[in-house]
Amino acid sequence: MDLHSHIEKILWTQDQISRRVSELASQISDDFCAIQPPPVVVGVATGAFVFLADLVRKIDLLVPVDFVRAESYGSGTESNGAPIISFDLKVDIKGRDVILVEDIVDTGSTLWCVIPHLESKGASSVSVCTFLDKPSRRKVNFDLLGKIKFYRGFECPDYFVVGYGMDFAEIYRNLPYVGVLKPEHYK
Ligand code: 5GP
Ligand code: MG
Ligand code: MG
């Protein structure tokens with residue numbers, strides 16, 4: 001009752017999300033089915049945890065799953081500068097293809113930090129699978145993104161969204177859909 005009453009508008013429902021995640025998972029399963037060893041799925045904590053959980057359960061490959069944490073956001077809606085890796089992988093990715101799973105790619109600074117980190121640990125390739133993409137907000141201008149395989153669930157309009165893993169001040173991650181908060185709750 002408390003949780004849902006904070007939402008002004010739903011952008012993607014549970015059903016829409018579930019259908020799109022199935023499409024992404026079968027695309028990934030097809031693209032990597034002939035590759036040995038299978039790719040390692042790496043989520044960016046915390047935001048990617050819900051999407052990653054749904055995605056990997058629909059991927060029909062023998063994939064290890066791990067997390068890194070990259071911190072740049074405070075508790076607000078704006079990034080506070082260049083992210084750093086504050087929690088690292090347990091799985092050895094040397095010589096492995098990596099599928100990096102993100103909740104949302106916004107300015108691009110998180111990817112700009114995490115992709116080179118994975119490469120420095122010996123990943124033979126890094127692909128990105130992001131649930132949402134806000135290309136209109138990109139600041140980091142990667143050639144990188146031209147070179148890598150980029151899967152995305154939906155293009156997101158320029159709203160600060162919550163739910164399906166994404167927070168405002170560490171809450172709302174457990175909303176099963178994606179929405180926008182009522183203005184009085186962005187405080
Ligand atoms: P970037 O580094 O690309 O600017 O932002 C990446 C991270 O910022 C995302 O993984 C996410 O944690 C956070 N972020 C960016 N846009 C949004 C948004 O609209 N809502 C929420 N909750 N987090 C966002
Ligand atoms: Mg994230
Ligand atoms: Mg956040």
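The values are calculated or read from the model by the stated rules, or taken from the named source; none is laboratory data. Just so you know, these numbers come straight off a predicted model, no measurement behind them. Cβ sites come from the backbone with ideal geometry, for glycine too, and all protein chains shown count toward neighbours.
Go through the range 168-187 and give me each residue that's surrounded by fewer than 19 Cβ atoms within 10 Å (Cβ to Cβ), modelled with pLDDT of 95 or more and in a loop (DSSP other than H, G, I, E, B).
ALA169, GLU170, ARG173, ASN174, PRO176, TYR177, LYS182
Applying the selection to the range 7-54, what residues are in a strand (DSSP E or B) and not charged (D, E, K, R)?
Of the residues in the range 7-54, the ones in a strand (DSSP E or B) are 7-12, 40-45.
Of everything in the range 7-54, those that are in a strand (DSSP E or B) and not charged (D, E, K, R) turn out to be ILE7, ILE10, LEU11, TRP12, VAL40, VAL41, VAL42, GLY43, VAL44, ALA45.
Could you tell me whether any residue of the range 67-75 is hydroxyl-bearing (Ser, Thr, Tyr), within 16 Å of ligand 1 (Cβ to nearest atom) and surrounded by 12 or more Cβ atoms within 10 Å (Cβ to Cβ)?
Here is the first cut: in the range 67-75, the ones hydroxyl-bearing (Ser, Thr, Tyr) are 72-73, 75.
After this cut, where a residue has to be within 16 Å of ligand 1 (Cβ to nearest atom) as well, the list is 72-73, 75.
Narrowing the set further to residues that are surrounded by 12 or more Cβ atoms within 10 Å (Cβ to Cβ) leaves 72-73.
Yes.
Between VAL180, VAL91, which is more than 17 Å from the chain's Cα centre (by Cα), away from ligand 2 (no atom under 16 Å from the Cβ), more than 30 Å from MET1 (Cβ to Cβ) and among the aliphatic types (A, V, I, L, M)?
Values: VAL180 fails: more than 30 Å from MET1 (Cβ to Cβ).
Exactly one of VAL180, VAL91 is more than 17 Å from the chain's Cα centre (by Cα), away from ligand 2 (no atom under 16 Å from the Cβ), more than 30 Å from MET1 (Cβ to Cβ) and among the aliphatic types (A, V, I, L, M), namely VAL91.
Kindly indicate the residue of the range 99-139 that is part of a helix (DSSP H, G or I) and within 16 Å of PHE51 (Cβ to Cβ) and also farthest from the chain's Cα centre (by Cα) among those meeting that condition.
Selected residue: VAL114.
When you go through (1) in a helix (DSSP H, G or I); (2) in contact with a Gly (Cβ under 7 Å, 6 or more places away or on another chain) one by one for HIS4, which number turns out not to apply?
Among (1) in a helix (DSSP H, G or I); (2) in contact with a Gly (Cβ under 7 Å, 6 or more places away or on another chain), HIS4 violates only (2).
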